[in-house]
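Engineer: Next up is a structure, given as structure tokens.
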Amino acid sequence: MLLHLDFSLEIPIYQQIRNEIVRGIASGKLSPGEQMPSVRALAEILGVNMMTVHKAYGLLRQEGYLTADRRTGTVVAQRENAGMSASVKRGLELALSEARAAGVPLEEVLQLCHTLYGEGEEKK
């Protein structure tokens with residue numbers, strides 16, 4: 001599992017870890033049931049504090065992307081179509097509002113949506 005973190009961004013590292021794992025799941029690079037590295041192992045790989053990874057994993061478990069078991073460790077959760085969460089809707093609404101305020105034509109936004117959403121579908 002290769003995560004791309006940018007320590008110069010204002011986005012907290014735990015959030016970047018969370019986002020990269022969600023992208024991995026969406027693209028099919030991380031499959032349901034796949035074993036995730038332990039908190040300690042991932043922290044060492046990324047060169048970050050264990051609490052940072054622990055916070056990211058906790059958020060991902062809370063959101064239903066990961067499950068944890070003391071015997072088997074942390075794995076990618078099996079997710080059925082649960083619909084769009086409220087937080088995803090808010091994020092999408094904000095991104096669309098920003099695009100609209102910037103004068104981006106709807107056709108361009110829709111094309112980008114098709115392209116980005118299709119990337120995840122093609123890699124599965």
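The values are calculated or read from the model by the stated rules, or taken from the named source; none is laboratory data. Everything numeric here is computed off the predicted structure, so don't read it as measured data. Ideal geometry is used to build each Cβ from the backbone, glycine not excepted, and the neighbour counts take in all protein chains shown.
Engineer: Show the residue pairs meeting these rules: Cβ distance below 7 Å; 6+ apart or different chains; first residue within segment 6-20 and under 23 Å from Leu30 (Cα atoms); second residue assigned to a helix (DSSP H, G or I) and among the charged types (D, E, K, R).
Structural biologist: Within 7 Å, the pairs are Tyr14/Lys55.
Engineer: Condition first: surrounded by 10 or more Cβ atoms within 10 Å (Cβ to Cβ), of a type in the set (D, E, K, R) and without any contact (Cβ under 8 Å) to a residue 40 or more places away in the chain. Now tell me which residues in segment 68-89 satisfy that.
Structural biologist: Lys89
Engineer: Can you confirm whether segment 50-67 contains a residue that is under 18 Å from the mean Cα position of the chain (by Cα), under 27 Å from Pro12 (Cβ atoms) and among the acidic types (Asp, Glu)?
Structural biologist: Yes, there is a match, as at least one residue in segment 50-67 is under 18 Å from the mean Cα position of the chain (by Cα), under 27 Å from Pro12 (Cβ atoms) and among the acidic types (Asp, Glu).
Engineer: Is one or more of the residues making up segment 73-94 in contact with an Asp or Glu (Cβ under 7 Å, 6 or more places away or on another chain) and either hydrophobic (A, V, I, L, M, F, W, C) or outside the structural domain of Asn19 (by TED's automatic domain parsing) (or both)? Spell out how you get there, then give the answer.
Structural biologist: First, pick out the residues of segment 73-94 that are in contact with an Asp or Glu (Cβ under 7 Å, 6 or more places away or on another chain): 75-76.
Still in the running and either hydrophobic (A, V, I, L, M, F, W, C) or outside the structural domain of Asn19 (by TED's automatic domain parsing) (or both): 75-76.
Within segment 73-94, one or more residues are in contact with an Asp or Glu (Cβ under 7 Å, 6 or more places away or on another chain) and either hydrophobic (A, V, I, L, M, F, W, C) or outside the structural domain of Asn19 (by TED's automatic domain parsing) (or both).
Engineer: Separate question: Test Leu2 against the criterion of being of a type in the set (A, V, I, L, M, F, W, C), assigned to a loop (DSSP other than H, G, I, E, B) and within 27 Å of Tyr117 (Cα to Cα), and give yes or no.
Structural biologist: Numbers: of a type in the set (A, V, I, L, M, F, W, C): yes; assigned to a loop (DSSP other than H, G, I, E, B): yes; within 27 Å of Tyr117 (Cα to Cα): yes.
Criteria met by Leu2.
Engineer: Could you please give the count of residues in segment 33-67 that are acidic (Asp, Glu) and in contact (Cβ under 8 Å) with a residue 12 or more places away in the chain?
Structural biologist: The initial filter retains those residues of segment 33-67 that are acidic (Asp, Glu), namely 34, 44, 63.
If we keep only those that are in contact (Cβ under 8 Å) with a residue 12 or more places away in the chain as well, we get 34, 63.
So the answer is 2.
Engineer: Another one. For residues that are within 16 Å of Gln78 (Cα to Cα) and charged (D, E, K, R), scanning just segment 42-68, find the one that is modelled with the highest pLDDT.
Structural biologist: Within segment 42-68, the match that is modelled with the highest pLDDT is Arg61.
Rundown of residues vs (1) hydrophobic (A, V, I, L, M, F, W, C); (2) over 23 Å from Gly118 (Cβ atoms), yes/no style:
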site	(1), (2)
Leu42	yes, yes
Ala68	yes, yes
Lys89	no, no
Leu106	yes, no
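Engineer: Quick check on my filter: what residues within segment 92-124 are modelled with pLDDT of 90 or more and small (Gly, Ala, Ser)? Talk me through it step by step, then tell me what you get.
Structural biologist: Taking segment 92-124 first, the residues modelled with pLDDT of 90 or more are 92-115.
Correct list: Ala95, Ser97, Ala99, Ala101, Ala102, Gly103.
Engineer: Please work out if Arg40 is under 13 Å from the mean Cα position of the chain (by Cα) and not in a loop (DSSP other than H, G, I, E, B). Walk me through how you get there before you give the answer.
Structural biologist: Numbers: under 13 Å from the mean Cα position of the chain (by Cα): no; not in a loop (DSSP other than H, G, I, E, B): yes.
No.
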